[in-house]
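Just so it is clear, none of the values below were taken in a lab; they were calculated from the coordinates. Everything numeric here is computed off the predicted structure, so don't read it as measured data. Backbone-built Cβ (ideal geometry, glycine too); neighbour counts: all protein chains shown.
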Amino acid sequence: MLVSARRRPRSSGPEPRSLATISEIDSDLALPVPTGVVEFDQVLGGGLTAGSATLLAGEPGVGKSTLTLQLAASTAGSGGLVIVVSGEEAPSQIAARARRLGPLPESLMVLDETSVDAVTAVMADRRPQLVIVDSIQTMHRPEVDSAAGSVKQVKASAAALIEAAKAASISLLMIGHVTKDGSIAGPRVLEHMVDTVITFDGDRSGSLRFLRTVKHRFGPTSELGIFEMSADGLRSVPDPSDRFLADRQPGLSGSVVLPCLSGRRPYLTELQALAVGAGGGGHTTAQGLASRRVDMLRAVLSCRAGYRLDGLDLFLSVAGGVSVTEPAADLGVALAIASAVDNRPVAPQVVACGEIGLGGEIRSVPMIEARLQEAYRMGFRAAVVPESTKGGPTGLRLLRAKTLLHALELVPEEVEGQTAD
């Protein structure tokens, strides 16, 4: 007997947990709640959302525990109950670090536990505003026949914690380790299970730390938060342009200022290039830039602008330890290389922004007006931009270029006057 494809047997499973008309659901529950840590809140589009699960990943010693303690203290200081689940450090170690960061709110508590069942029981009983698990690799469930930190344990532990957080509308923040190649340790599915994935990195020999969203269900991704490590913890850097350009020495050949964009946040940083005679094939070393992109720009300079680079070693570096990988930096990179090769400085008050194609053409870039506004705010008075650029702030002279060769001809060594284009 044939059964119609349109007929489906009734489900014998349990009734659905909830069924509601979408217009009746309270969307205010999905609004972010500020933590009080400015850069963290900016990266997440306002703060943590109740019932959300966030994964914070970073290398050992970069400052993950310090950051989360500051989040905990700030949230607890506003009256919310916060529980820090300590799987790696003793409570006394956490308390000692917390005291160095400032006053300890009464609503900030520490749970010395690695059993997920015990943690979820406390979450259901106390219903805190925020739970921080340090780290997810130390948690385990007795019924899972595997060691803590294994793929099975991490997956099962995270699933139970996330379910408990969503059931009680608790913001859950889990710290995760990274492997030697920089990827998040544990099962790849962990990144799909959470609502938000944040990376926290920086050169441990330096003071700057960078917070970035890789995944965020409640807002935009690729936002950038910048902190500076100090004796009393992490300090937000609200004006990264000022920080990155603070030690700049105007008038050096090979130096170009780039108007960059991370998410919706514009900032300026300095790119430096150095050309050294190699007497051979020549190599390129780039720090903070995509090496393959730099190799492409080197080829375009050679083929489209007539620069002989075969016998030169090129060294490029972005100031402040920040990484700039967007194509909008192409024009600045090319001009910096040309300036280094010619030993001819670019005017100190000039910025450069534009994508370069293989034909040497300069293409438009997203949110160029925001970039130019940031350049003008920081005192720059001229910008080399794609020819298609429509406008900019009054007082910023636009040097519109159609090709790389045209841009090289337009770049001034000095800026005369401050009139708008």
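Data overview
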quantity	calculated
Linear extension gain, L31 paired with S222, 0.36 nm per residue minus alpha-carbon span	66.8 nm
Order of S302, S317, S171 under a 10 Å beta carbon neighbour criterion, fewest first	S302, S317, S171
Virtual paramagnetic centre 7 Å along Cα→Cβ of D247, amide N under 15 Å, in the range 206-227	206-209
Amide hydrogen neighbours beyond the local backbone of V178, cut-off 5 Å, H modeled	G58, A185
Two-site FRET efficiency, E369 against L410, from Cβ-Cβ distance with R₀ of 22 Å, rounded to 0.05	0.65
Shape category assigned to the range 28-238 from the gyration tensor of Cα positions, a/c cut at 1.5	rounded
Among I226, A96, T114 the positive-end extreme of the charge dipole of the chain (Cβ point charges)	T114
Cα gyration tensor category, rounded, prolate or oblate, for the range 76-125 with a/c compared to 1.5	oblate
Built amide H within the under 5 Å cut-off of V351, gap 5+	A382, A383, V384
Ranked list, fewest to most other Cβ atoms within 10 Å of each Cβ, for C260, C303	C303, C260
Cα-centred dipole magnitude for the range 238-384, charges only on beta-carbon of K, R (+1) and D, E (-1), debye, nearest 20	140 debye
Lysine pair count for the chain [Cα-Cα under 30 Å; pairs on different chains or 8 or more apart]	14
For the range 286-342: rounded, prolate or oblate by the Cα gyration tensor [a/c cutoff 1.5]	prolate
Residue with peak Gaussian network fluctuation, the chain [Cα springs, cutoff 10 Å], from L372, L48, L314	L314
For the chain, built as a Gaussian network whose Cα springs stay under 10 Å, the top-fluctuating residue of T389, T21, T114	T21
Under Karplus coefficients 6.51, -1.76 and 1.60, residue-wise ³J(HN,Hα) of the range 233-247 in Hz, glycine/proline x	x, 8, 10, 5, 10, x, 10, x, 4, 5, 5, 6, 9, 4, 9
In nm, spacing of pseudo-spin labels at D239 and S92 (7 Å Cα→C-beta vector)	4.5 nm
Radius, Kirkwood style, for the range 243-410 when every pair of distinct Cα atoms is counted (Å)	15.6 Å
Vicinal HN-Hα couplings computed from phi for the range 284-300 (Karplus, 6.51 cos²θ - 1.76 cosθ + 1.60; Hz; Gly/Pro x)	10, 10, 10, 10, x, 10, 6, 4, 5, 5, 5, 4, 5, 5, 4, 5, 5
GNM result for the chain, Cα springs below 10 Å: residue of D26, D195, D247 fluctuating most strongly	D26
Gained length - R100 relative to A231, 0.36 nm times residue gap less alpha-carbon distance	46.3 nm
Amide H within-cut-off set for V85, under 5 Å, with H built and near neighbours excluded	L111, I132, V133, D134
Helical mean residue ellipticity (222 nm; -39500 (n - 2.57) per DSSP H run of 4+; nearest 500) of the chain	-8000 deg cm²/dmol
I22-D203 pseudo-label distance in nm [points 7 Å out on the Cα-to-Cβ vector]	4.9 nm
Note, ³J(HN,Hα) from phi for the range 358-373, Karplus 6.51, -1.76, 1.60, rounded to Hz, x at Gly and Pro	5, x, x, 6, 9, 9, 5, 10, x, 6, 5, 5, 5, 5, 5, 4
Chain lengthening between D145 and T394 when straightened (0.36 nm per residue, less Cα-Cα)	82.9 nm
Pairs of alpha carbons in the chain whose separation is greater than 26 Å (percent)	61 percent
Beta bridges per DSSP with both ends in the chain, % antiparallel, nearest 5	50 percent
